[in-house]
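Have a look at the structure below before the remarks.
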Amino acid sequence: MIQKILIANRGEIAVRVMRTCKEMGIRTVAVYSEADRTSRHVSYADEAVCIGLASSQESYLNADKIINAAKHFNADAIHPGYGFLSENADFARRCKEEGIIFIGPSAESIEAMGDKISARRQMIKAKVPVVPGTSEDLKPRDLFRVCRRIGLPVIIKATAGGGGKGMRLVYEEKQLYEAYEAAKSEARASFGNDSVYIEKYIESPHHIEIQFLGDAHGNVIHLFDRECSVQRRHQKIVEESPSPFIDDKTRQAMGAIAVKAARSIGYVGAGTIEFLVDGDMNFYFLEMNTRLQVEHPITEEVLGVDLVKEQIHIANGKKLRLRQKHLHQRGHAIECRICAEDPENNFAPSPGIIRHIQTPEGIGVRVDSFIYDGYEIPVYYDSMLGKLIVWATSRVYALERMRRVLYEYKITGVKTNIDYLRRIMDTRDFVKGNYTTHFIEDNSKKLQESAANDNEIEDMAIIAAYIDHIVNSNDAPSSSPADNLPISRWRAFGKQKGVLRI
């Protein structure tokens, strides 16, 4: 039985895994880079070791250092979290060779699904519906022939891709060659592999995924759906479960296909099948993620299941404790990704020192994070600070709750996307549940207009607080408050109806 786990990751996912380990009485080992010495996951673990410089290549992606740390601390297992080495087949194989349990699927399953061309072939063989396209490395000579066969628009994708990198959308044939070269170049730089393939581009689809679990005894179950269509540059921003779009018949059909796909490769562990769903609820395999997903908390909330506990249980060689007939979605959950970025400056990363945090509280509220007052956000890693999750008995109530907690969530010292997320919650398409992967693009003007309104409201609050200070201060200045405020803010204040003018 697993007694000690090394978490080969950082930030919120490392803390999240450690919390479950503490509940199970399992000791934990944290690994950290020089830049992460003060990160919460380091102090939260039972033991910790620095494994290298700030660069991921020198630390979190260095398999040798992580394996050596696990052996040094006598860890029985390694949990990879998501990102970094979580979908690296060679790393999973190394763990097995060293006698360390890799809490994830086999190297063979990772290899089968890690390369998107290989995954397409496997799914076609298993009779899983896939988006029309190619199942081999795309060559320049085949560009126009394939494009004419499946029809425009098309999307060129890196076979080793992820996070929106190595992808180019093509609407006209004259764009094909340039898009092809750009996709290959970005893929080579991002993944060290410039192999690409082509798919028919489905206009305005829904991005819906199915969570599943499989054990070493041949049992596989699905844990229903998550709607992940609110995306910016192919990166998810907001997720919810269940999807407000698909009906129960489609939900069950997608779940059954996900189970079939997992069984076809003998999958063991937690995984996710991502689908594209068109307006007529036809669904197509997009990819399989052979790891825990960032958005796994919303599945946990609607099912009452701790997915990390189930991962560890499966890694111990046990049979699944859950039965499909006993699983039912209960209520509704929404997750927002909180990032240190500036929405008003093209979402540029905003590293720096966090001065103060006020986290929301109350029934049905969960915050998965790793930051604290005074923490300095490194410039070397992803900008996500954590995830804000709410659960309620219905989608309407969940939406109301998310609005409230986003209002309560305060982070100062760095720019964040919290206000931007609040505006999403008030956008008509999102409120109605009538949105696709084009949501951000379709509502960009509305979101920008809301941003301007938010800035004006913020100015009002600053001025009101200043005036309150002046009125109640014994050493009030002789000059007008207006003389001590930026003129734009003062004029904005003066325009408001029913507000006392000084």
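The values are calculated or read from the model by the stated rules, or taken from the named source; none is laboratory data. All values derive from a computational prediction rather than experimental measurement. Note that each Cβ is placed from the backbone with ideal geometry, even for glycine, and that neighbours are counted across all protein chains shown.
Laid out as a table, the results:
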| item | result |
| --- | --- |
| Residues located in the stretch 48-71, provided they are within 14 Å of residue 30 (Cβ to Cβ), small (Gly, Ala, Ser) and not in a loop (DSSP other than H, G, I, E, B) | 48, 52, 69, 70 |
| Leading residue by the ranking (surrounded by the fewest Cβ atoms within 10 Å (Cβ to Cβ)) among those in the stretch 213-229 that are of a type outside the set (D, E, K, R) and touching a His at 6+ places or on another chain (Cβ under 9 Å) | 224 |
| Of residues in the stretch 69-83 being farther than 16 Å from residue 93 by Cα and of a type in the set (Gly, Ala, Ser), the one modelled with the lowest pLDDT | 83 |
| Criterion: farther than 26 Å from residue 440 by Cα and not acidic (Asp, Glu) - qualifying residue of 328, 296, 332 | 328 |
| Hey, residue 76 closer than 27 Å to residue 260 by Cβ and among the acidic types (Asp, Glu) or not | no |
| Pairs where the first residue, in the stretch 151-171, is touching a residue at least 60 places away in the same chain (Cβ under 8 Å) and the second is assigned to a strand (DSSP E or B) and of a type in the set (Gly, Ala, Ser), C-beta under 8 Å, 6+ apart | 167/158; 167/161 |
| Condition check for residue 74: outside any helix (DSSP H, G or I) and outside the structural domain of residue 308 (by TED's automatic domain parsing) | yes |
| Residues (surrounded by fewer than 22 Cβ atoms within 10 Å (Cβ to Cβ) and of a type in the set (Gly, Ala, Ser)) located in the stretch 263-314 | 264, 266, 279, 304 |
| Any strands (runs of 3 or more DSSP E) falling wholly within the stretch 340-452 and containing at least 2 residues that are over 22 Å from the mean Cα position of the chain (by Cα) and not assigned by TED's automatic domain parsing to the domain that holds residue 10 | 356-358 |
| Pairs where the first residue, in the stretch 1-22, is closer than 14 Å to residue 385 by Cβ and basic (Lys, Arg) and the second is at pLDDT 95 or above and assigned to a helix (DSSP H, G or I), C-beta under 8 Å, 6+ apart | 10/36; 10/41; 16/308 |
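Residue-wise test of (1) assigned to a helix (DSSP H, G or I); (2) within 30 Å of residue 424 (Cα to Cα); (3) not basic (Lys, Arg).
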| residue | (1), (2), (3) |
| --- | --- |
| 183 | yes, no, yes |
| 188 | yes, no, no |
| 193 | no, no, yes |
| 197 | no, no, yes |
| 208 | no, yes, yes |
| 213 | no, no, yes |
| 216 | no, no, yes |
| 224 | no, yes, yes |
| 228 | no, yes, yes |
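Let's see how each residue does on (1) part of a helix (DSSP H, G or I); (2) among the small types (Gly, Ala, Ser):
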| residue | (1), (2) |
| --- | --- |
| 109 | yes, yes |
| 112 | yes, yes |
| 120 | yes, no |
| 124 | yes, no |
| 127 | no, no |
| 136 | no, no |
| 145 | yes, no |
| 148 | yes, no |
| 152 | no, no |
